[in-house]
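S.K.: Quick one: this structure, given as C-alpha cells, is what I'll be asking you about.
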Ligand code: AMP
C-alpha cells in the first residue's frame, strides 16, 4: 500500500495562469561597434539566461554592409530561436535591458550601434501596439534577418507574408558573408 495523504495540487486554472505554454519566438540580433561578433555571442548567452526562456537554436553569424544612415562599419547579424513563457511586452522589455547593458544608445535612425535586439516573431501573434509591432515591421525587407531566420527555421511563418525561406529568396543577399559554419545548438545547460 502506498499510504500517506495525496499530494495537494493547485487548481488547473491557477497553474495555467502562472505557467503559460512556451511560445516559439525569433529574436534578430545585430551590431556594428566594439567587437560586434563577440558581442552577439554574449547576447545569445544572455538570451539563454532570460527567465522562463530557453535558447533553442542560433543561426550562424553574418557580416552585412550597413544599409542607410551615415558611413559606418559593417554589421554582424544573427537570429535566435527561443521558447519562452514571457509575454511579448515583457520579452521586449528584457531585450531592451540587454541592449542597455551593452551600452546601446539611440541617436539618429540607422546610426551605428553596439547591439540591436528585435522581436521578429512571437508565435503567430500579430501585435500592433504603441512601442511594439510584431512581426517586426521591416522584417520582410531585411535579408540580414530573413537569411539567418531561413537558415534555422525555413518554414517559420511570417503572418500575412509567407514562410521565411520563401521571403528570403525574394531578397538580394549578395552583400552578406557568413562568418561561421552551421547553426549552433546551445549546450545542455543553456536556458
Ligand atoms: P530600434 O531603435 O530599432 O532598436 O527600436 C527600438 C524601439 O522599437 C523600442 O523602443 C520598441 O518599443 C520599438 N519596437 C516596436 N516593435 C518592436 C519589435 N518587434 N522589436 C523590437 N523593438 C520594437
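Every number here is computed from the coordinates shown, using simple stated rules; none is lab data. In this text, all values refer to a predicted model and were calculated from it rather than measured experimentally. Cβ placement follows ideal geometry from the backbone for every residue including glycine, while neighbour counts extend to all protein chains displayed.
S.K.: Going by average Cβ neighbours within 10 Å, how do the peptides 83-92, 39-48 rank, with the highest at the top? Can you show the working numbers first?
M.R.: Details: 83-92: 18.0, 39-48: 20.0.
In descending order of packing, they fall as 39-48, 83-92.
S.K.: Report the calculated FRET efficiency for residue 96 and residue 126 (r = Cβ-Cβ distance, R0 = 25 Å), to the nearest 0.05.
M.R.: Numbers: r = 21 Å, r/R0 = 0.84.
Using R0 = 25 Å, I get an efficiency of 0.75.
S.K.: What is the spread of the Cα atoms of the range 50-94 along each of their three principal axes, largest first, in whole Å?
M.R.: That works out to 39, 22, 11 Å along the principal axes.
S.K.: If we sort 114-123, 20-29 on the protection proxy, mean other Cβ atoms within 10 Å, highest first, what's the order? Don't skip to the end; give the middle numbers.
M.R.: On the way: 114-123: 22.2, 20-29: 20.1.
Per-residue mean Cβ counts within 10 Å order the peptides as 114-123, 20-29.
S.K.: Using a 10 Å cut-off on Cβ atoms, rank the peptides 73-80, 155-162 from the highest mean neighbour count down.
M.R.: Numbers: 73-80: 23.2, 155-162: 14.0.
For the peptides 73-80, 155-162, the packing ranking is 73-80, 155-162.
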